[in-house]
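Asker: Let me give you the structure first, and then I'll get to my questions.
Taken together, the values in this text are just the output of simple stated rules run on the coordinates, not laboratory data. Just so it is clear, the structure is predicted and the values come from calculations on it, not from any experiment. Neighbour counts run over all protein chains shown; Cβ positions are idealised from the backbone, glycine included.
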Amino acid sequence: MSEMAKITANGSEIELPVIVGTENEKGIDISKLRSQSGLVTLDFGYKNTGSTTSAITFLNGEEGILRYRGYPIQQLAENSSFLEVAYLLIYGELPNQAELSEWDDSIGHHTLVHEDMKKFFEGYPSSAHPMGMLASMVCSLSAYYPESLNLNATDAEKMKTIRRLIAKMPTLVAWIYKKSKGHPFMYPTNKLDYVSNFMKMTFGYPTENYEVDPVVVEAMNKLLILHADHEQNCSTSTVRIVGSSQANLYASIAAGITALWGPLHGGANQKVIEMLEAIKADGGNSDKYIEKAKDKNDPFRLMGFGHRVYKNFDPRAQIIKSSADKILGKMGINDPVLDIAKKLEESALKDDYFVSRKLFPNVDFYSGIIYRALGFSTDMFTALFALGRLPGWIAQWKEMLDQKQPIGRPRQIYIGEKERNYVPIEKR
Ligand code: SDX
């Protein structure tokens, strides 16, 4: 018999089942709350509300644990490749060699983007934000692959739509970068691995032989792995709720891209670098900005700090911070904003304002320093976050469909006017 939770309110006492997850997380299943009591719950920002069960990613915010399908993020970042992690998230198991080769090969056959889509890029100014272009390009893929709209698609057809998107995302992100620079687009080189192919399309030129740098490829693989999934964050919840209306995969992922764009979410990685640059330009006085972040009358926030779930440390930030030192060292880059970032972290972690609110560096605090060292412009950072998060969004979208979840439609508590009669304009 499962544990029950008792709720006494609204003149009734009801009992609701408590469900227990694999890692002993407990939740009250309120599916029958309204029918048994007339009550709904209210939870701005869903800080205490679970939207689903899921077998994809496990987080423990207090202990700084992050696992994809049970595998610790530290082991995947050290030993795996991004495409292997994408397979793990979507299929649920690490692939054997034959499965990985088939996965690699099948994705390699879909890296081209329809030539007609190049016309979309012509319509954008070079100054267009990459995330706006990426969301519209991904959604537009449904125009070229109408089979993606088929609600009765077989699993094989669904997987083809999934593989197409994983294959084309690097091409789209690379072309968006080229558009921002006014440089010629590069076509995929499918004999290269996924990340090398992406780097060549981004930084290569038709007139030059692009040399793949293993240091750069290793760094990019690690960053993409660290961003691949993060349970029910804002953009993933967006993908799931859009997908729950039976909107197609491309539309659901495009919705996730737009949610990720926000500076409180994935857009923070761009804001962190802009913040660090502003502090550098202002003489590098990190203590001044620590005080600004604490001042409720000052709109300044320490971007890249704080997290809804992690309350001791973000394991991804720890890996990225140590990687930043290694990568910049290997590339012979001395970036002064890295020192400013470290000084900010050191000061904040000794300051009661941050410690009492459990505010620590999150995944976005150091990632931009590496992206910049790899040659990306700042406004590309969130598009790189989206490239990494894609397999996680897809896995979560697929799980929601496999679970046959109902369309997402939260309740509310109405606080507006009571009933009143229409007043003709001459009497207002
Ligand atoms: C991502 O959810 C995920 O998993 C997201 C993500 C993923 O992989 O998908 O991990 C990726 O989005 C990381 C977060 C990136 N965003 C930022 O770095 C933006 C800066 N951080 C914040 O705005 C904030 O910390 C959030 C949005 C991350 C979390 O916000 P919460 O959980 O709603 O917390 P809150 O805003 O209610 O803050 C609690 C307190 C408040 O102070 P008090 O009202 O208690 O006095 O902490 C303060 C906040 O003012 N606070 C900050 C702060 N973050 C929170 N004060 C200064 N600087 C900050 N960065």
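Asker: Given a 10 angstrom Cα cut-off, can you work out which residue in 389, 240, 69 is the most mobile in a GNM of the chain?
Answerer: 69
Asker: Give the peptides 241-254, 208-221 in descending order of average Cβ contacts within 10 Å, highest first.
Answerer: My ranking of the peptides, most packed first, is 241-254, 208-221.
Asker: Also, quick follow-up: Using a basic spin-label model with each label point 7 Å from the Cα along Cα→Cβ, how many nm lie between residue 322 and residue 105?
Answerer: Here the answer is 3.7 nm between the modelled labels.
Asker: Which order do 103, 261, 175, 393 fall in if you start with the one that has the fewest other Cβ atoms within 10 Å?
Answerer: 103, 261, 175, 393
Asker: Next up: Considering the options 134, 85, 100, tell which one lies farthest towards the positive end of the dipole of the range 58-159, charges being +1 on Lys and Arg and -1 on Asp and Glu at the Cβ, about the Cα centre.
Answerer: Value: 134.
Asker: List the lysines whose alpha-carbon lies under 17 Å from that of residue 311, not counting same-chain residues fewer than 8 positions away?
Answerer: 47, 350, 358
Asker: For the range 373-428 and the range 138-161, write down the distance between their C-alpha centroids in whole Å.
Answerer: 22 Å
Asker: In what sequence do 282, 229, 104 fall when counting other Cβ within 10 Å, fewest first?
Answerer: Placing the least packed residue first, the sequence is 282, 104, 229.
Asker: So if I take the centroid of the Cα atoms in the range 296-312 and the same for the range 197-257, what is the distance between those two points in Å?
Answerer: Rounded to whole Å, the Cα centres lie 25 Å apart.
Asker: From the Cα gyration tensor of the range 132-235, with a ≥ b ≥ c the square roots of its eigenvalues, which class applies: rounded if a/c is under 1.5, or else prolate if a/b is larger than b/c, or else oblate?
Answerer: Prolate, since a/c reaches 1.5 and a/b exceeds b/c.
Asker: Among 83-91, 158-166, what's the highest-first ranking by average C-beta atoms within 10 angstrom per residue?
Answerer: Answer by packing, highest mean first, reads 83-91, 158-166.
Asker: GNM, the chain, Cα, under 10 Å: largest mean-square fluctuation among 92, 262, 182?
Answerer: The residue that fluctuates most here is 182.
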